[in-house]
Each structure stands twice: as C-alpha cells, then as structure tokens.
2 protein chains.
Amino acid sequence: MIVRASELTPERISNMRGGKGEVEMVHLLSKETMHNKARLFARMKLPPGSSVGLHKHEGEFEIYYILSGEGMFHDNGKDIPVKAGDVCFTDSGESHSIENTGDENLEFLAVIILL
Amino acid sequence: MIVRASELTPERISNMRGGKGEVEMVHLLSKETMHNKARLFARMKLPPGSSVGLHKHEGEFEIYYILSGEGMFHDNGKDIPVKAGDVCFTDSGESHSIENTGDENLEFLAVIILL
C-alpha cells in the first residue's frame, strides 16, 4: 500500500501539548493499519517559533526523525539542538518537547510504538 | 537520546535480498533500544540502478518512508513509482522490492515493527 503525504489534508493543532503557535500533523498510517503495535506514524510541520510542549510517555516510546529545518529538542532534562537527519528517541517514562528555533519550517516524522 | 546519522558509518551491502548493485544501510536505532518491538529503524541509500530484491515479511510489517530520489516500488504484485514523501507499507504476508530508477540516490527510512 502506498500513502502519499501530498494527497492528505494536514490537521492544524494550536498549542499542541501546551506548546507555542500552530503546528500541522498529517497521519500517514492509522494505528489499525499498524495492528495497534504503533499508535502514531505522522509527518509534523512546525513553523518558526512554534513548538510541541513538554510531555511524558508511559507504556510506549516515541521517535522523531528530523526531515528539514532546525530546532531545540528537550531530551528528558537536557536541551539539544537538532537538524535534518537527527533521530530523537524518547523512552517510556521520559519527557520531551521540541521547538522550531530556526527561520524555516521544522519538519519531522513522529512514530509512537507501544510496549 | 539523540542519534545523528552523520556520525554513523554506513554498512555496504551487495545484492541485498537478491537485488542489484550495492546499497548503504545505517542502523539508527537497535532493536534492544526499541525493546524488541521493532527490529529495524534504518536509513537506506540506493545509488541509481541498485535495488533491494523481492522478499516477503511474516510476523512483522515494514514501512518505507521515501526521503529523496525516485524509484519503483514493487507492492505485493504491483509496480508503483515512488518519490520523496511517499510511504510504502508492506503488511505481514506481503512481498516487496524497491529499485532506484532515477538519476540521483534514492534514500528512505526503513522501519520493521513486530507483530
């Protein structure tokens, strides 16, 4: 099965997880398609200055794969600059947030796999 | 935890799964890191003309997320052209292959999640 991101309508979310501004999310695969083993496989777009706020994962882990742009990733207590090609891994019991600190859109894949 | 693809050494694989030429694979996260819920999270690079040959998945599903370039994806019996932004989903019991049919490198993320 092929899913083309360009054919899907992004969902616009304000203050996602208590973050700043408005972000765009495109759900590329449903959890049903992924046999409920993963509950998110989405492409995220954060305009400059926007963010996904700090939140914790329990019973699951999340992977961000940075596609383009630059940002600051809050990695369970540490702030780490990230850019295209970087992988941000947040384990169960850990917290994270991400903010676009650059001048271009920050785009990444977000994947949540259940334990 | 942050993993930077640029700091990892790619593995070079000839005739992967019976495919053509040599491909590069960078393992971004180990299956141990992913609690054995997923067994592959890798960035693949296929030079023009190279391919990953036809193979079947059982007891797991695989997702390709196309990052750059163009190729032909064999989707369990159908050939479908793919390009950056496309998602190729291969369910348990299905077969797939992918070939770089363009002039630039074909790069994609490959994620295998266990059932």
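Remarks
- At a threshold of 50 Å², the residues of the range B:66-109 that become less accessible to a 1.4 Å probe in the full protein assembly than in their chain on its own are B:VAL87, B:PHE89.
- For chain B, the dipole from Cβ point charges (+1 on Lys and Arg, -1 on Asp and Glu) about the Cα centre works out to 280 debye, to the nearest 20.
- A Gaussian network model of chain B, with springs between Cα atoms under 10 Å, assigns the largest mean-square fluctuation among B:HIS27, B:HIS55, B:HIS74 to B:HIS55.
- Shortest-first distances to equivalent copies, position B:ALA5, nm, label 7 Å out along Cβ: 1.2
- Teacher prompt: B:HIS57 distances to equivalent labels in other copies, 7 Å Cα→Cβ, nm: 1.8
- Neighbour-limited loop hits for GluC sites (Glu not before Pro), the range B:1-96 (at most 14 other Cβ within 10 Å; DSSP other than H, G, I, E, B): B:GLU32, B:GLU58
- Candidate residues B:LYS20, A:LYS37: accessible-area rank, largest first, probe 1.4 Å: B:LYS20, A:LYS37
- Computed with a 1.4 angstrom probe on protein heavy atoms, the B-A interface buries about 2900 square angstrom of accessible area in total.
- Couplings 3J(HN,Hα) for the range B:39-51, derived from phi with the Karplus relation 6.51 cos²θ - 1.76 cosθ + 1.60 (θ = phi - 60°), are 10, 8, 9, 9, 9, 10, 10, 10, x, x, x, 8, 7 Hz, where x marks Gly and Pro.
- Springs between Cα atoms under 10 Å define the GNM used for chain B, and in it the highest mean-square fluctuation of B:LEU29, B:LEU40, B:LEU67 occurs at B:LEU29.
- Burial of 30 Å² or greater, the range B:3-22 residues [accessible area, probe 1.4 Å, versus chain by itself]: B:VAL3, B:ARG4
- Placing unit charges on each Cβ (+1 for Lys and Arg, -1 for Asp and Glu) gives chain B a dipole about its Cα centre, and among B:SER51, B:HIS27, B:THR90 the Cα reaching farthest toward its positive end belongs to B:HIS27.
- For chain B, the spread of Cα positions along each principal axis, largest first, Å: 35, 33, 26
- One Cα centroid belongs to the range B:68-86, the other to the range A:1-52; the line between them spans 22 Å.
- P(r) of the range B:51-115 over all Cα-Cα pairs, binned every 5 Å from zero, in whole percent: 4, 20, 31, 25, 13, 5, 1, 0
- Over the protein assembly as shown, volume per residue of the alpha carbon convex hull, in Å³: 115 Å³
- Restricting attention to chain A, the count of lysine pairs at 8 or more positions apart or across chains with alpha carbons under 24 Å apart stands at 12.
- Think of a 1.4 Å ball rolled over the protein heavy atoms: the range A:22-105 then has 40 Å² of accessible area per residue.
- You can think of it this way: the chain between B:ILE80 and B:SER6 has 23.6 nm of extra reach, that is 0.36 nm per residue less the Cα-Cα gap.
- Each Lys or Arg adds one and each Asp or Glu takes one away; over the other residues whose Cβ falls under 11 Å from the Cβ of B:MET44, this sums to -1.
- Note on chain B: with neighbouring protein chains present and a 1.4 Å probe, carbon and sulfur make up 45 percent of its accessible heavy-atom surface.
- Each label was represented as a point 7 Å from its Cα along the Cα-to-Cβ direction; for A:SER92 and A:SER30 these points are 2.6 nm apart.
- Label-to-label distances for A:GLU94 across copies, nearest first, come out at 3.1 nm, using points 7 Å from Cα in the beta-carbon direction.
- Neighbours of B:GLU104 by Cβ distance under 15 Å: Lys/Arg scored +1, Asp/Glu scored -1, total -3.
The values are calculated or read from the model by the stated rules, or taken from the named source; none is laboratory data. Please read these numbers as outputs of a predicted model, since none were measured by experiment. Ideal geometry is used to build each Cβ from the backbone, glycine not excepted, and the neighbour counts take in all protein chains shown. For accessibility, only protein heavy atoms count, side chains too; no ligands or nucleic acids. Shrake-Rupley method; radii C 1.70, N 1.55, O 1.52, S 1.80 Å.
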